[in-house]
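**Student:** This structure is in structure tokens; I'll ask about it shortly.
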Amino acid sequence: MCGIIGYVGKRPAVPILVEGLRRLEYRGYDSAGVALASPGDIAITKAAGRLSVIEQRVDFTQPQTQGIGHTRWATHGAPTDINAHPHVGGDGLIALIHNGIVENNRSLRTYLMQHEVQFESETDTEVLAQLIAHFYEGDLEKAVRKALHEVSGTYGIAVVCADEPDLIVAARKGSPLIIGVGTDEHILASDAAAILAHTTQVVYMGEGEVAVIRPDSLRLTTLDAIPVAKDIEKVEWTLDQIELAGYDHFMLKEIHEQPEAIENCLRGRIDVKEGKIHLGGLVDCARELARAKRIVITACGTAWHAGLVGEYLFEELVRVPTETEYASEFRYRNPIIDDGTVVLGVSQSGETTDTHSALVEAKQRGAMVLGIVNVVGSTIAREVDAGVFLHVGPEIGVASTKAFTGQLAVLAMMACFLGRRKHLSPTAAAQFISALAKIPDQMRQVLDNTTATREVVKEYVDCDNWLYLGRGYNYPAALEGALKIKEVSYIHAEGLPAAEMKHGPIALITQGMPVVCIATDGIQYDKIRNNISEVRTRGGSVIAIATEGNTEIKEMVEHVIYVPDTIEPLQPLITSIPLQLIAYEAAVLRGCNVDKPRNLAKSVTVE
Ligand code: F6R
């Protein structure tokens, strides 16, 4: 959550900070601010609201060549001007920006108040700024270390001091920070998107590390000042990938990127001719994996929905008992983990605290821990025993789209890869792989004709309650469809396994209520047809997602959106696209800010 940027170099800092914040705004957008350090002074501009407010207020001609900037997603304290970051300590001596939560902020606040410190805001961040100022005796690095020793909780911080203006001290625990390395300059950021315009050479800060950053030097140590040697790495993402490229919204751009994204995800990994899957990240542990007696998939939100598809895939193709758990629940419920358990975390960002903590817990209990992650260099990617990257490119839209289908594609490849080491015959694997190879073109087919979806949405856009029904592999797709429309259009929607509807939720159905039914061809088609009748008998209006060529369904429902035929385990890769488009169109028609939905932000790094 929250975006962090810092600059020390030779160029004026304001344009670099503001442009960096613009690229990070997807991480939080309820307030923003910048602090510019010069000898004896720190100039702060901060305000509640979108970054545009800061852009109007900040003086772009200021000469300072170092500073920090922040875009906030509120946790402690409402989004107001005062609660916006940066926060100052010691009467303006120190300014700090922070992502995370200082859990013991109350006791620290009491301690500081006993030392005559006065607070302006309700935030935990101001407590940290004041604590650093309290310990400051002419050496910012030392004061930061001393203060962080007193803190429990999580943080990614950047601190500047009026006495040492050419210096940023940064530290991370549970919240990512990356340092871009340029010529006579360094750019600190919470993710690579803010750095790419300047350099692709980066240093990833590790857990518990402190960075002392000056224009021409960079030193990393542990919190206890033990030096840490670091390699400079190259970020593979390009600037084009994080720009709108003519689309109105990142969500729409990313929906349309899916055919190419999935091609990139599959490239070099599926061999249709040989009927084989190559997953480089799993080669070393393939044997151990094949011995797994149980697989636990853990994730949050959309990634959890992908995990649920993974559960079905693993049980069908690998025949190993698999369960998918919300990471936040798994972590705290004393889970049973034994030698034979493999725990697989699914996360686009690789930074989600709940998922990361669940994996840490599993590792501590002796499980082999795997990751399916999009962001290379992220915390989860670095800490798991092995894993597979999505390679779908950066996802900027807050509502996850291409990462979801990327997760499905990787889970499908993993299931086939492991299945071949267990029960899956070469012929079955070859058929599966050849169906998978067709998915990008089938996605293109769906995306080439989106008019029908728009027309359908127009009819129901004023309805405040929707249901999404699916069976088998399409049950998680229904959950995901409901989540998408909730997130971006604020329509209340529920996703259900279609048969569950009659056990209660059917009471919700009223005349004209939109019910999206995923009714593609497969072993449960007849069953979902019955569920459709149940809905229609009660006056519900059915929008069916059906397989091309199914003419019968037209007679049964109000609207049909056709999708190309594929095997059942891969259907969610295709059926989720019209569901994403329904959510997008509803949001646009309702005048919602698609890329910055209310109360949300990308990458949840708090519990
Ligand atoms: C929904 C969405 C979230 C994320 C969830 C996990 O559109 O994006 O539900 O899926 O916060 O995030 P990652 O995958 O980054 O761990």
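The values are calculated or read from the model by the stated rules, or taken from the named source; none is laboratory data. Worth saying up front: this structure is predicted, and the values here are computed from it rather than measured. Glycine gets a Cβ as well: all are built from the backbone with ideal geometry, and neighbour counts include every protein chain shown.
**Student:** Would you check which residues across the range 57-77 are in contact (Cβ under 8 Å) with a residue 24 or more places away in the chain, among the charged types (D, E, K, R) and surrounded by fewer than 24 Cβ atoms within 10 Å (Cβ to Cβ) and list them?
**Tutor:** 59
**Student:** One residue is enough: does the range 11-23 have a residue meeting the conditions under 19 Å from residue 192 (Cβ atoms) and part of a strand (DSSP E or B)?
**Tutor:** no
**Student:** Now a separate question. Contact list please: Cβ distance under 7 Å, first residue in the range 106-124 and within 17 Å of residue 77 (Cα to Cα), second residue surrounded by fewer than 19 Cβ atoms within 10 Å (Cβ to Cβ) and among the hydrophobic types (A, V, I, L, M, F, W, C), pairs at least six apart or on different chains.
**Tutor:** If the second residue must be surrounded by fewer than 19 Cβ atoms within 10 Å (Cβ to Cβ) and among the hydrophobic types (A, V, I, L, M, F, W, C), the pairs left are 109/119; 120/82; 121/82.
**Student:** Working only within the range 18-41, note down all residues that are β-branched (Val, Ile, Thr) and either crowded, with 22+ Cβ neighbours inside 10 Å or within 21 Å of the chain's Cα centre (by Cα) (or both).
**Tutor:** From the range 18-41, those β-branched (Val, Ile, Thr) are 18, 34; that's our starting set.
Scanning the range 18-41 gives a single hit, 34.
**Student:** Going through the range 197-222 one residue at a time, which ones are free of Cβ contacts under 8 Å to residues at least 60 places away in the same chain and either over 19 Å from residue 13 (Cβ atoms) or within 27 Å of the chain's Cα centre (by Cα) (or both)?
**Tutor:** Residues satisfying the conditions are 199, 200, 201, 203, 205, 208, 209, 211, 219, 220, 221, 222.
**Student:** Could you list all residues from the range 580-603 that are within 16 Å of the ligand (Cβ to nearest atom) and either surrounded by fewer than 19 Cβ atoms within 10 Å (Cβ to Cβ) or over 19 Å from the mean Cα position of the chain (by Cα) (or both)?
**Tutor:** From the range 580-603, those within 16 Å of the ligand (Cβ to nearest atom) are 580-584, 586-587, 592-603; that's our starting set.
Hits for the range 580-603 are 581, 582, 586, 587, 592, 593, 598, 599, 600.
**Student:** Which members of the range 376-400 meet the condition of being within 10 Å of the ligand (Cβ to nearest atom) and either among the basic types (Lys, Arg) or within 12 Å of residue 356 (Cβ to Cβ) (or both)?
**Tutor:** If the condition is that a residue be within 10 Å of the ligand (Cβ to nearest atom) and either among the basic types (Lys, Arg) or within 12 Å of residue 356 (Cβ to Cβ) (or both), then 378, 380 are the ones that fit.
**Student:** Of all the residues that make up the range 373-382, how many are touching a residue at least 40 places away in the same chain (Cβ under 8 Å) and more than 12 Å from the chain's Cα centre (by Cα)? Give the derivation first.
**Tutor:** Step one: list which residues in the range 373-382 are touching a residue at least 40 places away in the same chain (Cβ under 8 Å), which gives 375-379, 382.
Add one more test, that the residue is more than 12 Å from the chain's Cα centre (by Cα), and what stays is 376-377, 379, 382.
Total meeting the criteria: 4.
**Student:** A further question follows. With the structure loaded, tell me whether residue 405 is over 30 Å from residue 548 (Cβ atoms) and either within 12 Å of the ligand (Cβ to nearest atom) or not hydrophobic (A, V, I, L, M, F, W, C) (or both) or whether it fails that test. Walk me through how you get there before you give the answer.
**Tutor:** Values: over 30 Å from residue 548 (Cβ atoms): no; either within 12 Å of the ligand (Cβ to nearest atom) or not hydrophobic (A, V, I, L, M, F, W, C) (or both): yes.
So residue 405 fails the test.
**Student:** OK, next. Taking strands (runs of 3 or more DSSP E) that do not extend beyond the range 264-364, which have at least 2 residues that are free of Cβ contacts under 8 Å to residues at least 60 places away in the same chain, surrounded by fewer than 23 Cβ atoms within 10 Å (Cβ to Cβ) and within 16 Å of the ligand (Cβ to nearest atom)? So that I can check it myself, show each step before the final result.
**Tutor:** Details: elements: 294-299, 322-326, 341-347.
Output list reads 322-326.
**Student:** Okay, moving on. Taking only the range 152-167 into account, find how many residues are buried (at least 24 other Cβ atoms within 10 Å of the Cβ) and out of contact with any Phe, Trp or Tyr (no Cβ under 8 Å at 6 or more places or on another chain). It would help to see each step written out before you state the result.
**Tutor:** In the first step, residues of the range 152-167 are kept if they are buried (at least 24 other Cβ atoms within 10 Å of the Cβ); the result is 156-161.
Within this subset, residues satisfying the condition of being out of contact with any Phe, Trp or Tyr (no Cβ under 8 Å at 6 or more places or on another chain) are 156-160.
Selection size over the range 152-167: 5.
**Student:** Could you please find all residues in the range 469-501 being away from the ligand (no atom under 16 Å from the Cβ), in contact (Cβ under 8 Å) with a residue 60 or more places away in the chain and either assigned by TED's automatic domain parsing to the domain that holds residue 402 or of a type in the set (Gly, Ala, Ser) (or both)?
**Tutor:** Residues satisfying the conditions are 470, 472.
**Student:** When you check residue 397 against the structure, is it in contact (Cβ under 8 Å) with a residue 12 or more places away in the chain, in a loop (DSSP other than H, G, I, E, B) and at positive phi, yes or no? I'd like the intermediate steps shown before the answer.
**Tutor:** Numbers: in contact (Cβ under 8 Å) with a residue 12 or more places away in the chain: yes; in a loop (DSSP other than H, G, I, E, B): yes; at positive phi: no.
Taking the combined requirement at face value, the residue does not satisfy it.
**Student:** Same structure, new question: Quick check, is residue 606 out of contact with any Ser or Thr (no Cβ under 7 Å at 6 or more places or on another chain), crowded, with 17+ Cβ neighbours inside 10 Å, assigned to a loop (DSSP other than H, G, I, E, B) and in contact (Cβ under 8 Å) with a residue 40 or more places away in the chain?
**Tutor:** Details: out of contact with any Ser or Thr (no Cβ under 7 Å at 6 or more places or on another chain): no; crowded, with 17+ Cβ neighbours inside 10 Å: yes; assigned to a loop (DSSP other than H, G, I, E, B): yes; in contact (Cβ under 8 Å) with a residue 40 or more places away in the chain: yes.
Criteria not met by residue 606.
**Student:** Within the range 365-393, how many residues are surrounded by fewer than 22 Cβ atoms within 10 Å (Cβ to Cβ) and not hydrophobic (A, V, I, L, M, F, W, C)?
**Tutor:** 7
**Student:** Condition (residue is within 15 Å of the ligand (Cβ to nearest atom) and assigned by TED's automatic domain parsing to the domain that holds residue 298) applied to the range 415-437: is it met by at least one residue?
**Tutor:** So in the range 415-437, the residues within 15 Å of the ligand (Cβ to nearest atom) come out as none.
So far as the range 415-437 goes, no, none of its residues is within 15 Å of the ligand (Cβ to nearest atom) and assigned by TED's automatic domain parsing to the domain that holds residue 298.
**Student:** Moving on. For residues that are over 14 Å from residue 142 (Cα atoms) and acidic (Asp, Glu), scanning just the range 212-241, find the one that is surrounded by the fewest Cβ atoms within 10 Å (Cβ to Cβ).
**Tutor:** For the range 212-241, the residue satisfying everything is 231.
**Student:** Can you name the residue in the range 442-489 that is in a loop (DSSP other than H, G, I, E, B) and farther than 19 Å from residue 593 by Cα and is also farthest from the chain's Cα centre (by Cα) among such residues?
**Tutor:** Step one: of the range 442-489, the residues in a loop (DSSP other than H, G, I, E, B) are 449-450, 461-464, 471-473.
With farther than 19 Å from residue 593 by Cα added as a condition, the list becomes 449-450, 471-473.
Working: 449: 28, 450: 26, 471: 26, 472: 26, 473: 23 Å.
Per the criteria, the residue is 449.
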